[in-house]
1. Among the residues of region 44-65, are any surrounded by 10 or more Cβ atoms within 10 Å (Cβ to Cβ), in contact with an Asp or Glu (Cβ under 8 Å, 6 or more places away or on another chain), assigned to a helix (DSSP H, G or I) and on the phi < 0 side of the Ramachandran plot?
2. Mind listing just one residue for me: the one in region 8-37 that is under 12 Å from Ser55 (Cα atoms) and either among the hydroxyl-bearing types (Ser, Thr, Tyr) or in a loop (DSSP other than H, G, I, E, B) (or both) and, of those, modelled with the lowest pLDDT?
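The values are calculated or read from the model by the stated rules, or taken from the named source; none is laboratory data. Note that the coordinates shown come from a computational prediction; the quantities given were computed from them, not determined experimentally. Every residue, glycine among them, receives a Cβ derived from its backbone with ideal geometry; neighbour counts consider all protein chains shown.
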Amino acid sequence: MTTALASRELNTLDRCDRCGAQAYVRVVLESNGGELIFCGHHARGVEATLRPLASEWHDETSRLTEKTPVSVED
């Protein structure tokens, strides 16, 4: 796996490995460089177990509460 792949922003095509919901957290495992992606709910559930095994923990869950500007056309 390349660094570019691991550091790219997650998008709507990235789905949680547990439930299939949109993924907001990417975990890269230190042992083999494998990648796991999770929704916010499942990331919180596995964080205590996986965080010590991860070389990278990329968390975009803050996007869940961002306000998106709405354009109003006249």
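1. Yes.
2. Ranking the candidates gives Gly33 first.
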